[in-house]
Amino acid sequence: MALGQNQQNNMKGLQLFIADLRANQKTKEHARRIQTELQNIRTQFTQKSGLNGYQRKKYVAKMAYIYITTNAGMVPELLFGLDQCFQLLKSSNFSEKWIGYMTLELLFNHAVVRNSVLEKTISCLKLDLSSGDANAVSLALNFVGIVGNRDEIFADNLSETIFGILRSPVSSAILKRKACLAFLTLIRYKPQILTNLEDNKRTLWIERITTLLGDENDHGLLLSLLPLLEFIAREIDVNPCLRLIPQLAEILHECLSKKQNSANDADYQFSGVSNPWIVGNCVSLLQVLVSDNGENLIGSNIDQQTLGKLRVCVSHAVSFALASDANPVTKNAQYSVMFTMLGFACKLDPTNEAISNSVTGLCELMTSNDLNTRYSTFDLLIKICKVNGTTAIKTIQNEHLTRLVDMLKRESDVTLLRKIIDLLVILTDVSNFKFVVQELLSALEAHKSMDFALREDLSFQIERLIELHADDLNWFVLSSLRLLSSNTSIKNDHVWKRICQIVVNNEPLHKLACEHLIDYLHAPNVAESLVKAGVFLLAEYASLVNDKVSAGDLFNLFTEKYFQVSNLTKAMILTGMLKLYHVEPQLSSVVVKFFQLELNSFDVILQTRSYEYLKIIQYSKMNDMTFIDKLLPGMPPFASSKDTDIMSKLPKTQELLSLEQPFTSGNTVDSNNKPASLPTPPRSRKNNKLYHSQQLTPGWESGFKRMLIHTQGVFYQDTLVSVLFRVETKEEQPSTSKITFTYVNKSDWEITGLSCEIIPLRADNNPPYVLQVLQSPDSKLAPSNGRTSYTFEITTRFPFPQEHASLLSSQFKCGGQYCSHRLKIGYTILSTLSPRISEIKLAQFVQRWKSIGDSLGKAGEHVDVVECQHTNLQKLMKTMSKVGFDVVQQSSIPNIAFAGGILHTKSDGNYGCLLKLRLLDSDDKVQITCKTTSSGDLSRFVINCIKKVVEE
Amino acid sequence: MPVQFILCLNKQGIVRLLRWFEKLDTSQYATHQEYIRQVFKVISQRDHRRQSNFIEFSKHTKLVYKGYAGLYFVMGVDKQDEELIYLSQIHLFVEVLDSFFGNVCELDILFNFYKTYLVMDEMFIAGEIQTTSKKELLERIGQLDRLN
């Protein structure tokens, strides 16, 4: 027997009721049966003797069923049962509690329910969330995950508790993942839960969440965690998430490189292929983390290895999808993985060649037999064109434009048609707009059965294209007229007004436009907007087409149209007739007759207008024919095109129209053009808040000092881990050093989820030093002495104080314990001292000292005193030599050490630096004097570093 | 982006399951009932052999749907989202129901709607999928179903 056929929890009365309703669906009996039942439930609920748990559960379940089967139509009728729902929530019996929650979850869709029970709900949830019964907690978490975004009361009252469940090491995996999603629901609704926290606390909370990614063994958690991380990276703060990139790459790699059908890891699999959800969620997080064009991948924080891994993933995904011919379900999953990866690939490798390769590959799928694949192909092509612009567009233009046009003619699915049109519009530029517009117009004419919304859309697209590329005025007018004539339902007045403006302002067009208009107007069913344009222009320029059509014929034409159009157009026709009379006074009798007839019009405007025009004709005939000349002097050119600017009328949400211009455009494009609706770049990528919000791990100073003096040694250690450092300064370019941190696991447990990050003072806005990661560490370390290394290069661009040295931030889990360290790296301006070449003599030193003094005076000098007990001259000289200075070997002056060296920077060049360290006999102090060839703060920076080096 | 809603309708347009993960945007349809009616109208008019399983439905929403015997399973998703994955998602849901009830049919869902919600809630909250392991899901649901 299948699990679900278990009869234990069945409620007989409920089953009967359902069977009853089903028997007379869609009849009056149905509604009556519901009413009787509601009456019955109401009576039961008000019984003095009260109900037992089972009965209560049964009746509430019946209410839930009534709600569902009436398509959520009977909410007010069910309100009376809410109290009983809450009785169920308070029950300690799981099935009763469950039915209570389920019903409330359904009814919570409706404000009328929410408003009356919010407070009560919160107090129930609080009880259940802190309950010892995991199943009760899970029901409460489900509830928050489903309706927690309907009111901020949930976020305000429950976020701490739910975060507690999420971070607690004793919560079960199921509770954790539910807590993850419940928490996500809350912060989606109210991100302030996190943004309003103090910096330190927020950093800690986010860190707790990011370390959960270390729990790679529970993939259920992975699926729930990824969307949460994505939201944090996108909306709260991207920086603490950037370090996850190597781990994500590893997960993707695992997931995609697993042999198909290997049963070992069922979670990475779905129908025998890579789990599309893990891939999808990973990639959509990566899409947020990796900036457009992938510059931050190549720039700093990602090593080549990770990048390589990601690229391998892409090719795996593509080869799987294209190779096998599996059943539709599998195929669907494979394509889903492939499309996801290809969408990401263009960020990964934004070279023109790579883009054009993926585009070409995709284009092959355009002709797939499977509709869904075809649809997704178009969708992805559109996305790629939007992100990668010219390259992708050119590739498709060159190879596949005709094929697309062909598909446009044949496609019968509206959804697909829409995608094809969107794609074509993106592909349109100066080189092909005439062709594309003609084809789109033909499609508009051919697909008469196209649904209304799509026709509207398509007309709008065509209109926009015509407008965008309207350098050729003849072409503009003819295409616009064709557009007007082919769409009888176009609502937007813009097109005909625009034509009128353009024609009026360009004399050569007057005649041409009129001739075409006459042809169009003679057709039987003319679009009203075309009539408007026709009446306006023909009346204005009737004299120009006299050889073809006389004013009299035009009058007849107008009369004919008059009875087919709306009042607004009628009013225009009346004016047109007056103008015709002006051109051809012989028409007076028919025109007058017409106006007289319209005096009886039902419409007051038409009536008034006719009356006025009648009077004008009468007046001018009796008194002064020049009167009408003065009234109708001919249309002056339009002053500006602002009023009808197409861009001001763009519906903001049109997907296509929000596209940033990848094509060159005509001069009619306005700057109102909204920026692309691409994922917005995370807000906080560009500040150095991250640096300043870090709390350094106590005891960091000793490692920092060791690093100042030595080129390798112990950077940090505690009972679980020790971190060793090694600094190699590049000989040919001393402003750059390669630094390696090696993590050694000293505990007896495995270290998991290790992730490291170097946090610079700032990464852009002219940073004093820049970083490039060469190798990321593995995320796992075997027990007792397992080790892994983190290597990066750091280049000093200009002098900076030691307080601003970069930070090493690492976090990991070990034996169920969460650990994180923030340590300041002892890489300072002193690290750029070039290796010793020759010894320096005292005489040379004195001479240089003097020459710096001569040229810079006191500007290049700084003096400070530092306390240090138990030191002597020998010790001092030895230390300075280890730091990298050339030390003058002399014994003539017993209490002063002399040292010098060259400091290197990439952008500001090199500086000479000289030091005198004088032992003050008084009380174990050293006076340090420093001169550098820089008049800035360099001497002070150097002395502050030296102080760190020598002070005890 | 999360799923906006999950709907299961029979071919007469009667709801068998509904779950909204966000507040109804009332600018277009005032009530859930109207919304559902429109969804059904759009889907039932489609030619299922010659048209894709995706429909642009409103400004913010597209529908991904699939018909199984007498039932339509529909998910409302964000315009930007990739559709294929939701098709797999629907399929996974149906597969789990199928294993849970043993050859699931409309009647199972109808008479055991509360158990079906039990399955749904173990699979989807916050509009996201919680786990894709059928084995784990069935164990968990079976265990919950046996609780008194």
From the list A:GLN15, A:GLN25, A:GLN7, which one is within 14 Å of chain B (Cβ to nearest Cβ) and either within 27 Å of A:LEU125 (Cβ to Cβ) or assigned to a helix (DSSP H, G or I) (or both)?
-> A:GLN15
Quick check: anything in region A:907-915 over 45 Å from the mean Cα position of the chain (by Cα) and modelled with pLDDT under 85?
-> no
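Would you say A:ILE852 is within 23 Å of A:THR832 (Cα to Cα), aliphatic (A, V, I, L, M) and touching a helix residue (DSSP H, G or I) at 6+ places or on another chain (Cβ under 9 Å)?
On the way: within 23 Å of A:THR832 (Cα to Cα): yes; aliphatic (A, V, I, L, M): yes; touching a helix residue (DSSP H, G or I) at 6+ places or on another chain (Cβ under 9 Å): yes.
Spelling it out, A:ILE852 is indeed within 23 Å of A:THR832 (Cα to Cα), aliphatic (A, V, I, L, M) and touching a helix residue (DSSP H, G or I) at 6+ places or on another chain (Cβ under 9 Å).
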Single condition B:GLY70 does not satisfy, out of (1) farther than 21 Å from A:VAL337 by Cα; (2) at the interface with chain A (Cβ under 10 Å from one of its Cβ atoms); (3) surrounded by fewer than 16 Cβ atoms within 10 Å (Cβ to Cβ) = (2)
Restricting to region A:343-396, what's the tally of residues that are closer than 17 Å to B:PHE54 by Cα and not in a helix (DSSP H, G or I)?
-> 4
Wholly within region A:724-793, strands (runs of 3 or more DSSP E) carrying at least 3 residues that are over 21 Å from A:TYR691 (Cβ atoms) and of a type outside the set (S, T, N, Q) = A:736-745, A:751-759
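Can you name every residue in region A:452-475 that is of a type in the set (Phe, Trp, Tyr) and out of contact with any Lys or Arg (no Cβ under 9 Å at 6 or more places or on another chain)?
Narrowing region A:452-475 to residues of a type in the set (Phe, Trp, Tyr): A:452, A:460, A:475.
Selection gives A:PHE452, A:PHE460.
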Within the set of pairs 6+ apart or on separate chains, which have a first residue in region A:40-51 that is within 21 Å of A:GLU77 (Cα to Cα), a second that is in a loop (DSSP other than H, G, I, E, B), and C-beta atoms under 8 Å apart?
-> A:GLN44/A:LEU51; A:PHE45/A:LEU51
If only one of A:SER601, A:SER566, A:SER589 is within 50 Å of the chain's Cα centre (by Cα) and more than 19 Å from A:LEU631 (Cβ to Cβ), which one is it?
-> A:SER566
Taking region A:168-181, which residues are crowded, with 19+ Cβ neighbours inside 10 Å and either modelled with pLDDT under 90 or touching a strand residue (DSSP E or B) at 6+ places or on another chain (Cβ under 7 Å) (or both)?
-> A:LYS178, A:LEU181
Residue tally, condition away from chain B (no Cβ under 12 Å) and part of a helix (DSSP H, G or I), over region A:52-87 = 14
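Got a sec? Which helices (runs of 4 or more DSSP H) wholly within region A:138-231 have at least 2 residues that are within 14 Å of another protein chain (Cβ to nearest Cβ) and more than 24 Å from A:ARG822 (Cβ to Cβ)? Working first, answer last.
Working: elements: A:152-167, A:173-189, A:192-195, A:199-211, A:219-231.
Hits in region A:138-231: A:152-167, A:173-189, A:219-231.
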Subset tally (residues that are crowded, with 21+ Cβ neighbours inside 10 Å and under 26 Å from B:LEU63 (Cα atoms)) for region A:388-407 = 1
Identify the residue in region B:92-109 that is under 15 Å from A:LEU3 (Cβ atoms) and among the β-branched types (Val, Ile, Thr) and, among all such residues, is nearest to the other protein chains (Cβ to nearest Cβ).
-> B:VAL104
Just one of B:ASN112, B:ASN148 is at the interface with chain A (Cβ under 8 Å from one of its Cβ atoms) and modelled with pLDDT under 90; which is it?
-> B:ASN148
How about region B:21-58: which of its residues are within 7 Å of chain A (Cβ to nearest Cβ) and within 20 Å of B:ILE85 (Cβ to Cβ)?
-> B:PHE21, B:GLU22, B:GLN51, B:SER52, B:ASN53, B:PHE54, B:ILE55, B:GLU56
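Would you tally the residues in region A:390-420 being of a type in the set (A, V, I, L, M, F, W, C) and away from chain B (no Cβ under 14 Å)? Full working, then the answer.
Here is the first cut: in region A:390-420, the ones of a type in the set (A, V, I, L, M, F, W, C) are A:392-393, A:396, A:401, A:404-405, A:407-408, A:414, A:416-417, A:420.
Subset that is away from chain B (no Cβ under 14 Å): A:392-393, A:396, A:401, A:404-405, A:408.
Residues in region A:390-420 being of a type in the set (A, V, I, L, M, F, W, C) and away from chain B (no Cβ under 14 Å): 7 in total.
It is to be established whether one or more residues within region A:372-380 are within 20 Å of A:HIS469 (Cβ to Cβ), hydrophobic (A, V, I, L, M, F, W, C), buried (at least 21 other Cβ atoms within 10 Å of the Cβ) and modelled with pLDDT of 80 or more. Let's see the steps before the verdict.
In the first step, residues of region A:372-380 are kept if they are within 20 Å of A:HIS469 (Cβ to Cβ); the result is none.
Within region A:372-380 (the criterion being within 20 Å of A:HIS469 (Cβ to Cβ), hydrophobic (A, V, I, L, M, F, W, C), buried (at least 21 other Cβ atoms within 10 Å of the Cβ) and modelled with pLDDT of 80 or more), the answer is no, since none of the residues qualifies.
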Index of the failed condition, A:ASN895 passing every other in (1) over 15 Å from A:SER834 (Cβ atoms); (2) buried (at least 17 other Cβ atoms within 10 Å of the Cβ); (3) touching a helix residue (DSSP H, G or I) at 6+ places or on another chain (Cβ under 8 Å) | (2)
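Across region B:73-91, what is the total count of residues that are hydrophobic (A, V, I, L, M, F, W, C) and either surrounded by fewer than 20 Cβ atoms within 10 Å (Cβ to Cβ) or more than 8 Å from chain A (Cβ to nearest Cβ) (or both)? Show your work before the answer.
Step one: filter region B:73-91 for residues hydrophobic (A, V, I, L, M, F, W, C), giving B:73-75, B:77, B:84-85, B:87, B:90.
Next, only the ones that are either surrounded by fewer than 20 Cβ atoms within 10 Å (Cβ to Cβ) or more than 8 Å from chain A (Cβ to nearest Cβ) (or both) stay: B:73-75, B:77, B:90.
Qualifying residue count for the region: 5.
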Going through region A:187-202 one residue at a time, which ones are polar (S, T, N, Q) and at pLDDT 90 or above?
-> A:GLN192, A:THR195, A:ASN196
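I need a count of the residues in region B:116-132 that are of a type in the set (D, E, K, R) and either free of Cβ contacts under 8 Å to residues at least 12 places away in the same chain or buried (at least 24 other Cβ atoms within 10 Å of the Cβ) (or both). Before the answer, list the steps.
First, the residues of region B:116-132 that are of a type in the set (D, E, K, R): B:121-122, B:128.
Applying the additional criterion that residues be either free of Cβ contacts under 8 Å to residues at least 12 places away in the same chain or buried (at least 24 other Cβ atoms within 10 Å of the Cβ) (or both) yields B:121, B:128.
Adding up the residues that qualify gives 2.
The values are calculated or read from the model by the stated rules, or taken from the named source; none is laboratory data. The model shown is predicted, which means the values in this text are computed figures rather than measured ones. We place every Cβ from the backbone using ideal geometry, glycine too, and count neighbours over all the protein chains shown.
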